[in-house]
Every structure is written in C-alpha cells, then in structure tokens.
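Novice: This is the structure I want to talk about, given as structure tokens.
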Amino acid sequence: MRTSKLFVSVIAILFLLTASLFAQTDSVNYKSQVQFNLINGYSLSYLNSLANASAVRYRVNLNLSVGQENGDGSRSDFSNYNSGAYSNYNSSTNSNSQKQDYNSQSLSFAVSYITYPVDKQIFRMYIGAGPYLVLERNYRKSRTDDNSSSGYNNTNTNESLTYSLGLGANGVIGFECFITKQISLIGEYGVFAKYYWGKNKYSSSSNSQNKNSTSDNGNSSENNSHGWNAGFSSLMLGIAFRF
C-alpha cells in the first residue's frame with residue numbers, strides 16, 4: 001500500500017509540473033499540431049507549442065485485437081492381453097476439436113512535455129515525458145470436444161475476463177520529417193512504467209456423456225490483483241498537420 005501511494009504521488013507531481021509548464025505559454029502565436037499514428041498502433045494527439053523548442057502534447061491511444069483459433073486431432077488406443085487360453089483385444093479411437101475466441105481492448109491517455117534537441121528546417125528530433133493512464137480489457141473463451149468410438153463424449157469450456165486500470169509515467173523519443181510547412185511524417189519509440197489494479201473473472205464447465213449416464217460439473221472464481229510493470233513500445237509511424 002505504501003508503494004502504491006508513493007507511485008501515485010510521483011505521478012501527481014508530474015501532472016502538476018506539466019500543467020504549470022503549459023500555463024507558461026506566452027502571447028506569441030506558435031504553431032499547434034494534430035498527429036495521427038496509424039502503424040503499430042492507433043493514436044490521436046494534440047500538440048501545443050510553448051516556445052520554438054518545447055511543447056505539451058495530449059495523446060489518446062487505442063488498441064484493439066480480436067481473433068479465433070480452431071484445431072482438431074485424433075488418438076488411437078489399444079490393449080492386448082493373452083493368458084493361456086484367454087485372449088482379449090480392445091481398441092478405441094478418440095477425436096477432439098478445439099475452438100478459442102479472444103478479444104482485447106486498451107485505451108490510454110498521456111500528457112507529455114516535449115523538447116527538441118535537434119531542430120532543422122526539414123527534420124527534427126524530439127524527446128518527452130509525462131503522466132500516463134491506461135484502461136485494459138481482455139476476454140478469452142475456449143471449448144474442447146472429445147469423442148470416443150466407444151461412445152464416451154466430453155466437452156470442456158473455459159472462460160476468462162480481465163479488467164485493469166494503470167497509472168504511471170511515459171517517455172518518448174521520436175523524429176519528424178517535413179513534407180511541406182504544414183505536413184510531416186512522424187515516428188517514435190515509447191517507454192512506460194505503471195502501477196495497476198485489476199480484476200479477473202474465471203469460469204469452467206464440463207459435460208460428460210456415455211451410453212449409461214450424463215454428468216455436468218463447473219466452477220467459477222473472481223479475484224483482485226495489483227502490482228507494477230514497465231516496458232517499451234514498438235516503433236509507431238504516422239502523419240502530423242500543423243496549423
């Protein structure tokens with residue numbers, strides 16, 4: 001608990017520092033910018049210049065993924081027993097099929113104070129840092145069907161749903177190449193560190209059938225978690241418009 005309070009306090013200080021820098025904007029009409037990242041992630045950013053060599057950027061990132069996996073297989077089992085005049089041979093064939101559905105969504109908001117260590121006429125390099133907030137949702141469902149030639153059938157279903165809220169800091173390093181005075185191409189790498197709070201819901205069920213009986217079983221659970229993690233983002237590419 002003490003660690004999480006310290007982490008939140010540091011992020012609050014970063015946010016207040018960024019806000020105070022934004023408040024220092026003078027009366028000079030510097031260029032503003034709208035940025036779109038479209039490769040290796042989707043984001044929309046608004047950049048407001050404080051001076052020729054610095055700016056504050058507000059960014060919204062959206063990541064979506066959805067998919068389905070299918071598979072099938074088979075297995076043959078046999079046994080052979082011989083003892084004197086007694087002989088017994090058994091064989092069975094089992095077939096199985098698997099299906100998985102999954103989807104995930106992530107929405108984050110970041111505020112960064114940006115500076116330009118390299119600023120040329122058609123190229124400039126920028127670095128920045130600031131507070132970071134992210135919401136994430138992950139869902140997965142799987143089903144496995146086992147069918148035996150002996151008449152035994154079994155179906156297993158597993159389902160999980162996870163939500164999380166993360167609060168932390170982000171850093172960026174990128175470049176900008178101007179096509180015209182108003183349009184430029186941008187690319188950047190990112191780094192983040194966050195403390196998160198999450199909830200996971202899990203359920204499973206099974207149905208077994210043979211020639212003589214049917215049985216159903218299942219269970220469910222729900223748990224909360226918290227902790228921290230850090231990482232890098234891949235190179236994101238996009239386009240920017242100045243006005």
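The values are calculated or read from the model by the stated rules, or taken from the named source; none is laboratory data. Please read these numbers as outputs of a predicted model, since none were measured by experiment. Methodologically, a virtual Cβ is constructed for each residue, glycine included, from the backbone with ideal geometry; neighbour enumeration extends over all protein chains shown.
Results for (1) free of Cβ contacts under 8 Å to residues at least 40 places away in the same chain; (2) touching a Cys at 6+ places or on another chain (Cβ under 7 Å), shown as yes or no for each residue.
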{"residue": "C177", "(1), (2)": "no, no"}
{"residue": "L185", "(1), (2)": "no, yes"}
{"residue": "V191", "(1), (2)": "no, no"}
{"residue": "S204", "(1), (2)": "no, no"}
{"residue": "N219", "(1), (2)": "yes, no"}
{"residue": "E222", "(1), (2)": "yes, no"}
{"residue": "G231", "(1), (2)": "no, no"}
{"residue": "L235", "(1), (2)": "no, no"}
{"residue": "F243", "(1), (2)": "no, no"}
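Novice: Output yes when any residue across the range 13-32 is farther than 16 Å from P131 by Cβ and modelled with pLDDT of 90 or more, and no when none is.
Specialist: So far as the range 13-32 goes, yes, one or more of its residues are farther than 16 Å from P131 by Cβ and modelled with pLDDT of 90 or more.
Novice: If I ask for residues that are in a strand (DSSP E or B), surrounded by 12 or more Cβ atoms within 10 Å (Cβ to Cβ) and polar (S, T, N, Q), which ones from the range 38-77 would you list?
Specialist: S43, S45, N48, S49, S54, N61, N63
Novice: Any idea how many residues of the range 89-136 are within 15 Å of the chain's Cα centre (by Cα), more than 21 Å from A193 (Cβ to Cβ) and not hydroxyl-bearing (S, T, Y)?
Specialist: 2
Novice: List pairs: first residue in the range 116-128 and assigned to a strand (DSSP E or B) and loosely packed, with under 12 Cβ neighbours inside 10 Å, second residue of a type in the set (D, E, K, R) and modelled with pLDDT under 90 anywhere in the structure, Cβ distance under 9 angstrom, at least six positions apart or on different chains.
Specialist: none
Novice: So which of Q182, Q209 ends up being loosely packed, with under 14 Cβ neighbours inside 10 Å and in contact with a strand residue (DSSP E or B) (Cβ under 6 Å, 6 or more places away or on another chain)?
Specialist: After ruling out the rest, the residue left standing is Q182.
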